Amino acid sequence: MNKLKKYRYYGYLFSSGLVALMSLLGEFVQRYFNPTNLVMLYLLAVIISANLWGRGPSIFTAVISVITFDFLFVPPRFTLTVADTQYLLTFAGLLVVGIVISELASKMRERAIEARNREVQTVALYDLSRDLAGALSLEKAVQVILFHIKKISDSDLTVYLREGESVKSWNSGPSRPEDEHEITVVSQILCGERAGKSKAGLFAESGFRYVPMRASGKIIGVISFGQDENNELGPEKVRMLEAIANQAALAIERIKLLEENRQIELLHEKEKLHSALLSSISHDLKTPLVSITGSLSSLLRKEKKLALSVRQELIETAYEESVRMNRYVGHLLDMARIEAGALKVNYQPCDLREIIGVALEELKERLNGRQVRVEISKEIGEVSVDFFLMTKVLVNIIDNAAKYSPPDSSIEIVAKTENGYLEIRVIDHGYGIPARDLERVFDKFYRVEKTGHVQGTGLGLSICRGIVELHGGRIWIESKENIGTSVIINIPVNRAGVKLP
């Protein structure tokens with residue numbers, strides 16, 4: 001405010017200097033012109049003053065121009081008396097024309113200033129909307145709001161947003177102690193209990209000013225900043241603050257709606273997962289349970305009537321189905337541990353040949369004399385991996401290779417180091433996987449349609465991917481229909497800790 005007053009005083013001072021300059025110029029040229037023609041010099045001073053300093057200084061310039069012109073150039077000179085009464089009409093004309101010119105020039109100047117202000121406001125709002133459009137989180141949006149409002153007001157700002165039944169705040173500067181009265185005022189504004197406003201168009205009380213953030217007909221937040229005598233807010237700044245607050249409110253509401261949509265999508269995904277899980281459990285676990293129950297029921301009811309070979313077959317059936325059900329339950333538990341982040345890698349030096357050997361031994365019955373060719377590069381010594389988890393990965397992959405290939409076909413396991421990675425390939429010569437399913441086979445409970453006759457939960461490859469990624473590697477499939485499939489595991493050498501002999 002003080003700066004503004006000082007600027008206005010400077011306008012009157014400079015206008016006086018401008019009149020003095022025109023008078024000096026008139027002194028040099030008055031011998032060549034009629035005194036009435038010198039009025040043009042003073043009109044020029046009025047126009048300059050109106051354009052540079054506004055209405056007040058320009059009217060002041062018109063008044064002192066009449067007095068100065070009378071004193072310096074109208075006979076008798078250096079007095080305010082007028083010998084020729086016709087000069088009174090000249091004085092009136094100079095005064096009226098000067099005031100009219102000052103009014104018109106001042107209005108043009110005000111229009112130009114308003115246009116520049118609107119341009120600045122438009123650019124500021126455009127920058128704000130652009131930055132808010134790129135804000136995908138509430139924290140980022142609030143920081144953008146604080147940054148743009150800080151350009152208008154140098155006071156410390158605080159943004160309050162409604163979070164359920166509570167109010168959350170963000171500060172533009174260092175955190176300051178919460179003012180209970182300020183919190184009370186903010187709560188009242190959010191609840192719509194504060195209807196009054198100050199003359200400037202803002203809520204003002206106890207040294208603070210408050211700008212409500214409105215969206216969809218309700219107040220979702222409040223911007224608070226301290227009052228400062230040296231940082232006076234005019235009507236233009238107030239309108240700008242209200243525009244920023246309302247635009248920010250729309251952006252915040254958009255972010256909240258996006259977050260709600262994401263939560264809804266997550267709930268839908270969970271529901272789909274639960275449905276798939278129930279479907280898988282009801283189908284894949286019911287079959288072995290029925291077989292086990294039927295076998296044991298037959299043994300209990302007809303034990304004395306059954307031949308020894310039949311009893312042995314029923315016992316073997318019950319055992320095989322219990323092993324299969326145990327494997328299904330193990331897959332479900334492993335997937336749950338991976339998704340919960342509870343599965344940890346216990347790195348230890350391991351012999352890759354031993355890992356492959358244990359996996360093949362566990363699948364001895366599944367492979368049933370099938371030819372399995374193992375080729376491990378000579379430069380591979382011990383590798384630092386989780387023995388148990390990596391064995392589980394190979395068991396799942398080799399089991400799939402046996403499931404989805406003819407019983408008389410061979411399976412190949414090739415391991416080597418290449419480009420800083422330990423690469424393990426499991427190759428079968430079976431039915432292959434359609435190109436559209438190559439990525440989806442790693443999804444939970446997904447199984448290729450054409451091989452739907454093969455029993456399984458559809459979790460094996462999902463578990464393998466989770467374990468391999470925990471080792472810092474990746475897994476993918478290369479396949480051609482009716483030719484065969486290769487499952488490739490890549491683990492970084494520096495992560496796997498390959499020790500070269």
Q. Does residue 446 qualify as being closer than 19 Å to residue 393 by Cα and either modelled with pLDDT under 80 or in a loop (DSSP other than H, G, I, E, B) (or both)?
A. yes
Q | Within segment 31-47, tally of residues that are in a helix (DSSP H, G or I), of a type outside the set (S, T, N, Q) and farther than 10 Å from residue 101 by Cα | A | 7
Q | Candidate set: segment 471-487, residues that are modelled with pLDDT of 85 or more and within 17 Å of residue 391 (Cβ to Cβ); chosen: the one nearest to the chain's Cα centre (by Cα) | A | 473
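Can you tell which of 153, 175, 166 is at pLDDT below 75 and within 21 Å of residue 260 (Cα to Cα)? Talk me through it step by step, then tell me what you get.
On the way: 153 fails: within 21 Å of residue 260 (Cα to Cα); 175 fails: within 21 Å of residue 260 (Cα to Cα).
Exactly one of 153, 175, 166 is at pLDDT below 75 and within 21 Å of residue 260 (Cα to Cα), namely 166.
From the list 135, 92, pick out the single residue that is modelled with pLDDT of 75 or more and either closer than 30 Å to residue 222 by Cα or not in a helix (DSSP H, G or I) (or both).
Within the list 135, 92, the selection yields 135.
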Q: Taking the residues in segment 113-135 that are more than 30 Å from residue 55 (Cα to Cα) and of a type in the set (Asp, Glu) as candidates, determine which candidate is surrounded by the most Cβ atoms within 10 Å (Cβ to Cβ).
A: 131
**Q.** Odd one out for residue 383, checked against (1) touching a residue at least 40 places away in the same chain (Cβ under 8 Å); (2) buried (at least 17 other Cβ atoms within 10 Å of the Cβ); (3) not in a strand (DSSP E or B)
**A.** (3)
**Q.** Residues being over 17 Å from residue 19 (Cα atoms) and surrounded by 12 or more Cβ atoms within 10 Å (Cβ to Cβ) - total across segment 76-95
**A.** 5
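The values are calculated or read from the model by the stated rules, or taken from the named source; none is laboratory data. Computed from a predicted structure; not experimentally measured. Cβ sites come from the backbone with ideal geometry, for glycine too, and all protein chains shown count toward neighbours.
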